[in-house]
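Each remark here refers to the structure printed beneath this line.
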Amino acid sequence: MNEALVLSSVRQHELAEGAESLNARLREGHDRLEGRVAERTAELAAANASLRAEIRTREAAEADRRELQ
């Protein structure tokens, strides 16, 4: 009976260590993904700003073209 209790305790310890390891890996993966999301969001914001500036430039050129006609 005592041997079974010791084995159960050892197994619980092993399972707890495994869960801790998996949780650490999950946190690392989550952190990496959050970093990638932040990078991509910044890239998209920059691209959006660039496109908006291009739109303004084209709208101004179109307005100038209409005035010259």
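Probing with 1.4 Å while keeping every protein chain in the model, the per residue accessible area of the chain equals 94 Å². Rounded to two decimals, the Cα radius of gyration of the chain over 2.2 N^0.38 Å is 2.69.
Which angle between 0 and 90 degrees, to the nearest 10, do you get for helix 2-68 versus the longest principal axis of the chain when only C-alpha atoms count? Taking the Cα atoms of the chain, the angle to 2-68 is about 0 degrees.
How large a share of the accessible area of the chain, in percent, is made up of carbon and sulfur atoms when the probe is 1.4 Å and the other protein chains stay in place? Answer for the chain is 57 percent, counting heavy atoms of protein chains only. Once the Cα-Cα distance is subtracted from the 0.36 nm per residue extended length, the ARG40 to ARG52 segment shows a gain of 2.5 nm.
The values are calculated or read from the model by the stated rules, or taken from the named source; none is laboratory data. Every value quoted in this text rests on a predicted model; they were computed, and no experiment measured them. Side chains are part of the model used for accessible areas, which takes the heavy atoms of the whole protein and leaves out ligands, DNA and RNA. Shrake-Rupley method; radii C 1.70, N 1.55, O 1.52, S 1.80 Å.
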